[in-house]
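The values are calculated or read from the model by the stated rules, or taken from the named source; none is laboratory data. Here the structure is a predicted model, which is why all the values come from computation and not from measurement. Using ideal geometry, Cβ is built from the backbone for each residue, glycine included, and neighbour counts are taken over all protein chains shown.
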Amino acid sequence: MCVANRSEDLIGPASGTFLSQPTRMLITESDQGEIMVDRSERADLMAERVEYSHRRLTGRAPGTEGGLLAREYVRAAFSDLALEPLGDNGTYEHAIEAIGGANLLGSIPGHGPNADNYLLIGAHYDHLGEHFGDIHPGADDNASGVAVLLDVAHNLAERDDLGRTVIICSFDAEEPPYFYTDDMGSWHWVDRPTIDLTRLDAMVCVDLIGHLLGPAGLPDEVRRSVFVTGAERSGLGTVVDGVTAQDDRLVTRRVDAGIVDSSSDHYAFERVGIPFLFYTARRDRHYHTPQDTPEKLDYTKMVGLADHLTELICTLADGPAPIYDAHGTDTEANLRTLVEVGRHAGPLHSDGRVMMLIEKLEQKLESGNPLTMSDRGGLKAAMIAIENALA
């Protein structure tokens with residue numbers, strides 16, 4: 001398992017700055033007690049990061065006071081981790097001038113023959129701000145993703161054996177009204193990159209990953225699921241499956257990118273043919289509401305995802321460059337995910353046709369028969385129904 005020596009972070013809650021103590025904790029598989037202590041401390045740190053965002057950053061809309069405070073908070077974390085600046089003019093910031101926003105980019109150098117090639121892992125830090133007097137805190141969307149991103153960066157920052165340079169990126173302006181526009185932070189960077197984009201081998205996107213799926217009472221292997229799209233378009237299915245968490249904190253479930261909408265920063269890379277992986281628990285009932293608050297997140301699941309992503313990045317850094325295939329698909333992975341989750345989500349849906357559809361897909365999976373065009377249309381319908389049932 002690819003893990004790093006860690007130093008304990010302390011958050012200055014009044015300022016959002018990060019301090020580092022020299023105490024180091026080596027995670028070893030032979031010392032389960034030490035592992036559990038480390039995981040607990042990391043979960044507490046993630047919770048404090050998300051809570052700080054909730055209390056002080058007033059929804060983090062680009063160009064607002066809350067957005068500027070959020071930017072400084074992430075920039076301070078990058079500096080504390082001694083990431084190499086990869087923004088404009090030797091800074092961490094990549095300006096989005098028209099809206100007063102900025103992406104934040106730092107890097108961890110690679111070593112060996114592919115050191116000049118890149119992997120990028122990103123999570124947007126903005127949210128909706130304030131509307132009609134209500135602050136939209138965006139704990140799940142996407143303070144959860146930023147907390148995981150910073151934990152992964154911490155895991156990787158002291159490594160000197162990465163086969164590629166790893167870019168740690170927190171995008172601004174992912175949310176409406178900037179989504180799918182030139183001012184969307186990821187779109188803006190892809191069109192005006194601070195690196196040679198032909199040397200970017202893959203992008204990993206993390207968004208909406210903190211909540212548990214469905215109501216209490218569902219099995220943990222359903223509630224702690226995170227969906228992964230894009231692996232089918234770059235031959236990375238076995239990589240994702242091979243680095244999944246080694247315990248019950250997290251279950252990764254692959255689905256094709258064509259089955260879920262391209263609703264985050266990975267789309268900016270997808271549209272120019274860069275291999276991507278998108279990690280998400282999808283939308284729940286608190287999505288884009290003032291009720292998206294820190295106490296609704298599962299920080300144990302988030303630590304499990306950070307461990308998974310750390311190992312994933314290490315594996316990708318040392319492996320061959322993935323090749324993008326816009327038409328790639330993985331029918332078996334789709335069916336397995338929809339059947340395994342759908343058999344629990346289906347009874348929650350008021351429309352009995354959902355269970356009929358899941359049962360039909362399950363028969364296809366068991367028989368090994370190819371899907372018809374009608375079946376393929378049903379996959380997307382099934383995913384929408386499952387998402388709604390688990391919201």
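From the list Gly145, Gly163, Gly129, the one residue that fits, being in the same structural domain as Asp284 (by TED's automatic domain parsing), out of contact with any Ser or Thr (no Cβ under 8 Å at 6 or more places or on another chain) and surrounded by fewer than 24 Cβ atoms within 10 Å (Cβ to Cβ), is Gly163. Residue count for region 247-286 under the criterion of being within 19 Å of Ala143 (Cα to Cα) and of a type outside the set (A, V, I, L, M, F, W, C): the result is 11.
Taken residue by residue, region 145-163 has no member that is in contact with a helix residue (DSSP H, G or I) (Cβ under 6 Å, 6 or more places away or on another chain), within 17 Å of Pro275 (Cα to Cα) and among the hydrophobic types (A, V, I, L, M, F, W, C). If the condition is being buried (at least 18 other Cβ atoms within 10 Å of the Cβ) and modelled with pLDDT under 75, then region 339-348 contributes only Gly346. Are any residues in region 289-338 more than 30 Å from Ala115 (Cα to Cα) and either within 17 Å of the chain's Cα centre (by Cα) or surrounded by 20 or more Cβ atoms within 10 Å (Cβ to Cβ) (or both), and if so, which ones? The answer is Asp292, Pro294, Leu297, Asp298, Tyr299, Thr300, Lys301, Asn334, Leu335, Thr337, Leu338.
When the residues of region 192-218 are narrowed to those that are free of Cβ contacts under 8 Å to residues at least 40 places away in the same chain and not in a strand (DSSP E or B), which ends up farthest from Ala153 (Cα to Cα)? Once the filter is applied, the top-ranked residue is Gly217.
Checked against the criterion of being of a type in the set (D, E, K, R), surrounded by fewer than 22 Cβ atoms within 10 Å (Cβ to Cβ), part of a helix (DSSP H, G or I) and at pLDDT 95 or above, the candidates Glu51, Glu72 yield just one match: Glu72.
Screening the candidates Glu221, Glu232 for the property of being among the charged types (D, E, K, R), in a helix (DSSP H, G or I) and surrounded by fewer than 19 Cβ atoms within 10 Å (Cβ to Cβ) yields one hit, Glu221.
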